[in-house]
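Okay, so here's the structure we're looking at.
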Amino acid sequence: RLGLDGRRVRQGLVFRTAEFNRSTKEDTPPPGPVCISESGRDFLVRGLGIRTDLDLRRSDECLGMSGSPLGPDVRWMQIHASVLCYPKVVTNEAGRVQFAKIFRVFLDGRNYPIVFHCRGGADRTGTVGMILNALLGVSEEDLWKDYQVTAFWGTVGDSRHFLRFTELIRAFDAFPGASLRERVEGFVKSIGFTDADLESFRERMLEAN
C-alpha cells in the first residue's frame, strides 16, 4: 500500500498475526499450549527473520510464559493493550500510556523484523496497526480495507467490531488536522513523541521515491 508522498510501505519489517500459543484459561495449566506448527515457526524465524514477538495480551492471558513460542532466538515483549482497544487509546489515560510503550518498540531499529499480535489479531492488534499505518500516510480507505480483511477471521466478523472501528477513527477528531494522518500525529505527539520520532519511523517503514 501507499503512504506519504506516494511512497510504498516497506514489506518484510512488520507482521500482524494471532496468538502463537493459546491464552491461559481456568481449565488450562499455564502457559497455554503452542498453536503454531514447526513449519510455521521455521517460516517466521528463518524465512522472515523475526527478531521480536510483541505480545499485546494481558498478563493473565500469558501466565507462565517467559519467552516466545517462536523460540529462544526471538525476543518476547509483553505489553498488554486491552486498555487501548479502539477509542480507549485516546480516551483512556492507561491506554495512552500503553500505546507509548508499544510505539517505542517500533522506534528501535534493533527490534526488526517485528511480529505483533493479541489473541485473535483483530481488536487490540487492529487498533495498533491502524495507528501505525495512519502515521505512514496510508489512506483512510485502505485502513478500512485492512480492517475488513480482519473481519473474515471466524470469531470477529460481526457488526459490533465495525462500529468499534468507526469509534476508533472518530476518536482522533479530538485532535486538529485536515486529514486523519494529521490528527493521529497530533495524538502521538500528545503522548510525548516528537517530529523527529515520526520521521525516524517513516524513514524506516517507507520506501524512497
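Which residues, counting only those in the stretch 39-55, are within 24 Å of residue 132 (Cα to Cα), touching a Gly at 6+ places or on another chain (Cβ under 9 Å) and either part of a loop (DSSP other than H, G, I, E, B) or not acidic (Asp, Glu) (or both)?
Passing the criteria: 45, 48, 49.
Hey, among the residues in the stretch 79-112 that are in contact (Cβ under 8 Å) with a residue 24 or more places away in the chain and polar (S, T, N, Q), which one's nearest to residue 56 (Cα to Cα)?
82
Among the residues of the stretch 64-110, write down those that are touching a Lys or Arg at 6+ places or on another chain (Cβ under 7 Å), open to solvent by 10 Å² or more (accessible area, probe 1.4 Å) and in a helix (DSSP H, G or I).
82, 109
Output the residue which, of all residues in the stretch 1-38 that are hydrophobic (A, V, I, L, M, F, W, C) and open to solvent by less than 30 Å² (accessible area, probe 1.4 Å), is nearest to residue 130 (Cα to Cα). Explain how you work it out, then say what you get.
Step one: of the stretch 1-38, the residues hydrophobic (A, V, I, L, M, F, W, C) are 2, 4, 9, 13-15, 18, 20, 34-36.
Applying the additional criterion that residues be open to solvent by less than 30 Å² (accessible area, probe 1.4 Å) yields 9, 18, 20.
Working: 9: 13, 18: 16, 20: 21 Å.
Applying the filter and picking the extreme gives 9.
Go through (1) open to solvent by 10 Å² or more (accessible area, probe 1.4 Å); (2) touching a Ser or Thr at 6+ places or on another chain (Cβ under 8 Å) one by one and return the number of the condition residue 117 breaks.
(1)
The values are calculated or read from the model by the stated rules, or taken from the named source; none is laboratory data. Everything quoted here is computed from the prediction, not taken from an experiment. Neighbour counts are summed over all protein chains in view; Cβ atoms, including those assigned to glycine, are modelled from backbone coordinates with ideal geometry. To get the accessible areas, we keep the full protein, side chains included, count just its heavy atoms, and leave off ligands, DNA and RNA. Shrake-Rupley method; radii C 1.70, N 1.55, O 1.52, S 1.80 Å.
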